[in-house]
Amino acid sequence: MSQWFYDLRFDTLKRRLLKPNKKWLNVLAEAIAPSEVTYENYLTILTVEYYFDEIATYTSIATTFILFPIIRYSYNSDVYPLITNLSEDEFEGLMLRFLFMFAAEAGGDMLNKMIIYFVYRINAASTGRNLTILNYRTRFLFGVFTAWLVASTYYSMVRLDKIID
């Protein structure tokens with residue numbers, strides 16, 4: 001499937017877009033299918049994109065799962081009436097839904113990684129981790145983003161409360 005899509009995008013589509021007297025089509029063809037991208041590079045790019053998508057999903061669910069109880073039971077919980085006005089049963093149901101979302105995401109992620117490994121013989125977790133989180137520059141940027149996300153949640157919830165009122 002991946003080889004077929006690579007051939008369609010990088011060979012067939014590019015060949016059909018390339019015209020000798022149409023410069024804008026040649027630029028478009030190079031933008032859609034850069035000539036320096038090989039099939040191995042293409043698979044690496046897909047792996048890194050998948051890994052970033054999964055890390056972003058895990059981070060957002062975990063941040064919400066951790067911050068909602070802190071917001072509900074903190075000293076200034078009256079700032080967040082959307083969360084504090086929930087009954088204990090509703091809040092517990094909300095937390096269980098987030099826990100279920102996290103478990104479903106982790107299960108789907110493991111299933112996807114197994115399919116990728118058995119079909120393409122690529123270890124998506126190892127390749128993605130080596131090219132993203134284990135790279136010190138990317139790890140620094142991810143850390144800054146995570147700290148910014150956690151710090152800005154408080155402010156955004158206060159602004160959301162003012163917008164709703």
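The values are calculated or read from the model by the stated rules, or taken from the named source; none is laboratory data. Computed from a prediction, not measured in an experiment: that's the story for all the values here. Here the Cβ is made from the backbone with ideal geometry for all residues, glycine too, and neighbour counts use every protein chain on show.
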Could you list all residues from the stretch 112-138 that are exposed (fewer than 14 other Cβ atoms within 10 Å of the Cβ) and modelled with pLDDT under 75? Leu134, Asn135, Tyr136, Arg137
Counting residues that are among the hydroxyl-bearing types (Ser, Thr, Tyr) and either modelled with pLDDT under 70 or loosely packed, with under 14 Cβ neighbours inside 10 Å (or both), which helices (runs of 4 or more DSSP H) fully inside the stretch 1-99 reach at least 1? 2-7, 39-73
